[in-house]
1. Considering only residues that are closer than 12 Å to Ala184 by Cα and buried (at least 22 other Cβ atoms within 10 Å of the Cβ), which ones fall in the stretch 68-93?
2. What are the residues in the stretch 237-253 that are of a type in the set (S, T, N, Q) and touching a residue at least 40 places away in the same chain (Cβ under 8 Å), if any?
3. Can you list residue pairs whose Cβ atoms sit under 6 Å apart, with the first residue in the stretch 271-299 being modelled with pLDDT under 95 and the second being among the aliphatic types (A, V, I, L, M)? Count only pairs 6 or more apart in sequence or on different chains.
4. Based on what the data block shows, is Pro368 closer than 30 Å to Ala116 by Cβ and buried (at least 23 other Cβ atoms within 10 Å of the Cβ)?
5. Residue by residue through the stretch 358-376, note down the ones that are of a type in the set (A, V, I, L, M) and in contact (Cβ under 8 Å) with a residue 24 or more places away in the chain.
6. Working only within the stretch 303-331, note down all residues that are surrounded by 21 or more Cβ atoms within 10 Å (Cβ to Cβ) and either in contact with a Lys or Arg (Cβ under 7 Å, 6 or more places away or on another chain) or of a type outside the set (A, V, I, L, M) (or both).
7. Mind checking whether some residue in the stretch 94-105 is of a type in the set (Val, Ile, Thr) and crowded, with 22+ Cβ neighbours inside 10 Å?
Amino acid sequence: MLRCPMLSVLKHPVYARLFTAQVIALLGTGLLTVALGLLAYDLAGAQAGVVLGFAFTIKMVAYVGLSPIAHALVERLPRKAVLIGADLIRAFVALFLPLIDSVWQIYLLIFVLQAASATFTPAFQALIPDILKDERDYTKALSLSRLAYDLENLLSPAMAGALMLLVSYHWLFAGTVVGFVTSAALVAATVIPAQKPQTKQRPFKERLTRGTRIYLATPRLRGLLSLNLSAAAVGAFILVNTVVMVRTYFGASEVYLAYAMAAFGAGSMLAALALPRLLETVADRSVMIIAAFMLTGLTLAHAVYFLTVGLVGWGSFLALWAISGALYSAVLTPSGRLLRRSAHTKDRPAIFTAQFALSHACWLLTYPIAGWAGAQLGLPTAMMILGSLALFGVLLSLLVWPAGNAGELEHTHPDLPADHPHFKTHHAHSKSHAHVIVIDDEHRAWPTHG
C-alpha cells in the first residue's frame, strides 16, 4: 500500500507507466550528459568547456526555435506515434555518439537529438492532464515530475561513476540508448487517450503561432513567463557557477561540488513533496510570487554579503543552496496547473509547447550572462546582476498578472450573432455575460473578444 500521499497518483495504471517511461528516459539523459563531457574532453582537451558550452547553447536554440515548428508539423499525427518516434530518434542519435571523432559531429548530433526532445517533452506534458482529470492528482503528478528531474541530477552521476568502474565511458551512451528504447516500449504498451480532432482545420502558420498567441494573451501565463525569468536567473548562476565557487573560492575537491548540488536538489525535492498539500489551501499565484520574492531576496542578500564581507561558511553555503532549491521548485512546480486551466483540451499541446519554448528562451538569456559575468566580472558581481534580473522578473509578474482574474469575468461579444452556440453553451440571455475566460476563437483578447 502506498503511504506517501503524493505517490497515490501512481495507482493510476496509465500514468504510472508513463511516469516510469519518463524516469527511465531521464536517467538515460543523465548518463548522456556525463559521457558527453568526457567525450568533449577527449576531443578538445582544455577546450572541452567551450565545446560543452556551445553544445548546451545548441540545445537551448533547438528548444526555443524548433518546438513550435515541430508541434505544428505533428499536430495531426497520433500522440502515441509522435512520442515513440521522438524516443527512437533520440536512441538512434545516441547510438552514433561514441563513434564520432570531431567536434562538429557533436554539434550536429546534439542538434538532432534535442530537436527530438523538443518534440517529445511538450507532447508528453500536454498528455498528462488528459489522463489525470482530478486537479489534486494532477498536482501530485507535477510534484512527482519535479522529483524525477531532481533525482536524475543526483542519481545519474552516481550511476555513471559505478558503471565506469567496470567499463569505459563510451558504454554510457549504450545506457542512454537503452533508456530511450525502454521509454518508447513503455509508451507503446500504454493505452493513450486519442486527442479530440480539431473541428476547424487551421493553416500551418496559425498552428505554428497559436500556442504562443494564447499564452501571451493570458495574464496568468504572462506572469508565469516573468517568474520563469526569475527562476532561470537564479538557477543559471547556480548551475553554471557552483563549480567555480566550490573549486576556486572554497578550494574544495570535486566531492564537495557533489555536496553543493545535492543540497540544491534536496531542497527542491522537499518543496515538491510539500507543494501538493500547500496548493490545496493557498492559491498558485501567492505560492509562486512569494517564493520568487524570497528566492530573489536571498540571492541579492548573498550577493551583497559576498561583495562586502566575502565568502559565507561552508555550512551556510549548503543551507543557502538548499533553501534556493526549495524556493526554485516552489516557483516552477505549479506551472502545469496554470497551463491546464488556461486552454481548452484541443489547445493544450500548443500551449505546453509555447511554455517549453518561452521558458527555455529565459535560460538562453541567463546562461550566457552567468558564464560571461562570472568569468569577466567575478562571481559576486555576477550574482548581483542575475539577482537584479530575477527581481525584475518577479516585479513584472505583479504587473502583468493581477490578483483575482481567474474567476468569472463580465464581457460582451458585439460581433457574434445572437444565436451563436457560444451563448447557448454558457446559458447567456444577452451578448453581455460572465464565465471563466479561456483564450480561444471566441475570446481572442482578455477579457473580451476585442
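1. Across the stretch 68-93, the qualifying residues are Val82, Leu83, Ala86, Asp87, Arg90, Ala91.
2. Result: Asn241, Thr242.
3. Ala271/Ala326; Ala271/Ala330; Ala272/Leu147; Pro276/Met6
4. Details: closer than 30 Å to Ala116 by Cβ: yes; buried (at least 23 other Cβ atoms within 10 Å of the Cβ): no.
Answer is no for this residue.
5. Residues of the stretch 358-376 of a type in the set (A, V, I, L, M): 358, 361, 364-365, 369-370, 373, 375.
Those that are of a type in the set (A, V, I, L, M) and in contact (Cβ under 8 Å) with a residue 24 or more places away in the chain: Leu358, Ala361, Leu364, Leu365, Ile369, Ala370.
6. Phe317, Trp321, Ser324, Gly325, Tyr328, Ser329 - these are the residues of the stretch 303-331 that are surrounded by 21 or more Cβ atoms within 10 Å (Cβ to Cβ) and either in contact with a Lys or Arg (Cβ under 7 Å, 6 or more places away or on another chain) or of a type outside the set (A, V, I, L, M) (or both).
7. No - not one qualifying residue is present in the stretch 94-105.
Every residue, every condition in (1) in a loop (DSSP other than H, G, I, E, B); (2) at pLDDT 80 or above; (3) hydrophobic (A, V, I, L, M, F, W, C), yes or no:
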{"position": "Tyr41", "(1), (2), (3)": "no, no, no"}
{"position": "Ala48", "(1), (2), (3)": "no, no, yes"}
{"position": "Ala62", "(1), (2), (3)": "no, yes, yes"}
{"position": "Gly65", "(1), (2), (3)": "no, yes, no"}
{"position": "Leu73", "(1), (2), (3)": "no, no, yes"}
{"position": "Ala86", "(1), (2), (3)": "no, yes, yes"}
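The values are calculated or read from the model by the stated rules, or taken from the named source; none is laboratory data. Bear in mind the structure is a predicted one, so any value in this text is a computation, not a measurement. Neighbour counts are summed over all protein chains in view; Cβ atoms, including those assigned to glycine, are modelled from backbone coordinates with ideal geometry.
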